[in-house]
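Chemist: Attaching a single structure in structure tokens format; questions to follow.
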Amino acid sequence: MAVKKAYQQWRDLAAKAQQIETDPDIALWQKVFRVPGVYCELDLSGLRSKDRHQIFNILGQLNVILKRYEPETFEEYQNMDEKDLREMLRLVKGQTPARK
């Protein structure tokens, strides 16, 4: 049951992230800051090992990009290159759980 609940939570968070990502009133740099933050609520302990590893891999890739900029504040995301911002959003979109 815990596994089912964890995957439902993941799907719900993915839907919330998609709402932010597709909102035309939110600037790209703000999306990149907000969308990954949605997943902070995700209980990884209920996910299968391969899915946890997928998430950790994506987080690692995001960190590689962020290391180039080392933003300390929300506003510093607007100084990031658009190509990197788009890549970060693409990576986070990959965090969506597979449908069964």
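The values are calculated or read from the model by the stated rules, or taken from the named source; none is laboratory data. Treat the numbers as computed from the prediction; the structure is a model and nothing was measured. Neighbour counts are summed over all protein chains in view; Cβ atoms, including those assigned to glycine, are modelled from backbone coordinates with ideal geometry.
Chemist: List pairs: first residue in region 76-99 and in contact (Cβ under 8 Å) with a residue 24 or more places away in the chain, second residue hydrophobic (A, V, I, L, M, F, W, C) and not in a helix (DSSP H, G or I) anywhere in the structure, Cβ distance under 8 angstrom, at least six positions apart or on different chains.
Modeler: Q78/A27
Chemist: Now for a different question. Among the residues of region 3-35, what is the count of those that are among the basic types (K, R) and touching a residue at least 24 places away in the same chain (Cβ under 8 Å)?
Modeler: 3
Chemist: Moving on to the next point. K5: in a helix (DSSP H, G or I), in contact with an Asp or Glu (Cβ under 9 Å, 6 or more places away or on another chain), of a type in the set (D, E, K, R) and at negative phi, yes or no? Let's see the steps before the verdict.
Modeler: Working: in a helix (DSSP H, G or I): yes; in contact with an Asp or Glu (Cβ under 9 Å, 6 or more places away or on another chain): yes; of a type in the set (D, E, K, R): yes; at negative phi: yes.
Yes.
Per-residue answers, yes or no, for (1) over 22 Å from P97 (Cβ atoms); (2) part of a helix (DSSP H, G or I); (3) among the aliphatic types (A, V, I, L, M):
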position	(1), (2), (3)
I20	no, yes, yes
Y39	no, yes, no
K50	no, yes, no
N63	no, yes, no
E70	yes, no, no
Y77	yes, yes, no
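Chemist: Moving on. Scan region 22-33 residue by residue and report those that are of a type outside the set (V, I, T), buried (at least 18 other Cβ atoms within 10 Å of the Cβ) and either touching a Phe, Trp or Tyr at 6+ places or on another chain (Cβ under 9 Å) or modelled with pLDDT under 95 (or both).
Modeler: First pass over region 22-33, keeping only residues of a type outside the set (V, I, T): 23-25, 27-31, 33.
Subset that is buried (at least 18 other Cβ atoms within 10 Å of the Cβ): 29, 31, 33.
Correct list: W29, F33.
Chemist: Just to check your reading of the model, which residue among G94, G46 is among the small types (G, A, S) and crowded, with 16+ Cβ neighbours inside 10 Å? Steps first, please.
Modeler: Working: G94 fails: crowded, with 16+ Cβ neighbours inside 10 Å.
Going through G94, G46 in turn, just one is among the small types (G, A, S) and crowded, with 16+ Cβ neighbours inside 10 Å: G46.
Chemist: Filter region 1-45 down to residues that are closer than 13 Å to K93 by Cβ and among the small types (G, A, S), then give me how many there are.
Modeler: Final tally of qualifying residues: 3.
Chemist: Something else: Here's a check for you: in region 67-88, which residue that is surrounded by 11 or more Cβ atoms within 10 Å (Cβ to Cβ), at pLDDT 95 or above and not basic (K, R) is nearest to K4 (Cα to Cα)?
Modeler: Initial filter on region 67-88 (surrounded by 11 or more Cβ atoms within 10 Å (Cβ to Cβ)): 69, 71, 74-78, 80-81, 84-88.
Still in the running and at pLDDT 95 or above: 80-81, 84-88.
Of the ones still in play, those that are also not basic (K, R) are 80-81, 84-85, 87-88.
Working: M80: 38, D81: 38, D84: 34, L85: 32, E87: 30, M88: 28 Å.
Step by step, filter region 67-88, then rank; the result is M88.
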